[in-house]
Amino acid sequence: MSETVTRPINVTRLFTDEAGESHFVEEKLDLNEVNFAPPAPSMFLSAPAEARASVYLLCPDGYFGDFHPAPRRQIMTLLQGELEVGVSDGEKRRFLPGGSVLVEDTSGKGHSTRSIGDSLLIVTQL
């Protein structure tokens, strides 16, 4: 019997605590080696997540959205531009193209968003 090979990746998660404050946390997600697209060689894949919709979102240069909760649980991946996201505990993070965040702050104080340059994202709603 062959041993399952896994590779961990870092995932940024934005969430709300019991007091309604929002925070960032870095978590590990294990990817398992699978024969995903035969006859191509095996690659590493996460467990599937059911998606409701996928949309492109463009925040024009200078866009600022003050603190707001996310409309739904979603994965946001930046394709171009730069985003600065603030959480209610005072932390701010800048996301560059290729950066992704699991957004789960659907209640509480939420987060703020500032676009530096035209920021294009793909948003996968869960």
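Read-outs throughout are calculated quantities, based only on the coordinates presented, and are distinct from any laboratory measurement. Just so it is clear, the model here is predicted, and its values are computed rather than measured. Here the Cβ positions follow ideal geometry from the backbone for every residue, glycine too, while neighbour counts run over all protein chains shown.
Taking the Cα centre of the chain as origin, work out the dipole magnitude from +1 charges on Lys and Arg Cβ and -1 charges on Asp and Glu Cβ, in debye rounded to 20. Present the calculation step by step, with values, prior to reporting the outcome.
Values: 11 positive and 18 negative charges, 56 e Å.
It works out to roughly 260 debye.
Taking 7 Å along the Cα-to-C-beta vector as the label spot, tell me the Asp17-Thr106 distance in nanometres, rounded to one decimal.
In this crude spin-label approximation the distance works out to 2.2 nm.
Using a Förster distance of 22 angstrom, determine the FRET efficiency expected from the C-beta separation of Asn32 and Glu84, and round it to 0.05.
The value I calculate is 0.05.
What FRET efficiency, computed as 1/(1 + (r/R0)^6) with R0 = 22 Å and r the Cβ-Cβ distance, is obtained for Thr4 and Arg73, rounded to the nearest 0.05?
Details: r = 28 Å, r/R0 = 1.27.
In this case the efficiency is close to 0.20.
Using the Karplus curve 6.51 cos²θ - 1.76 cosθ + 1.60 with θ = phi - 60°, work out ³J(HN,Hα) for each residue of the range 58-69 in order, rounded to whole Hz, and write x for Gly and Pro.
So the Karplus estimates, Gly and Pro as x, are 10, 9, x, 3, x, 4, 9, x, 5, 3, 7, x Hz.
Which value, in nm² and rounded to one decimal, describes the direction-averaged projected area of the C-alpha convex hull of the range 1-42? Let's see the in-between values first.
Values: hull surface 19.2 nm².
Result: 4.8 nm².
What do you get when you divide the Cα radius of gyration of the range 1-117 by 2.2 N^0.38 Å, with N the number of residues?
Against the compact-globule rule of thumb, the ratio is 1.25.
Between the range 51-121 and the range 1-48, what's the alpha-carbon centroid distance in Å?
Cα centroid of the range 51-121 versus Cα centroid of the range 1-48: 20 Å apart.
Quick one: P(r) of the range 58-126 from all Cα-Cα pairs, 10 Å bins, percents rounded to integers, in order of increasing distance.
23, 57, 20
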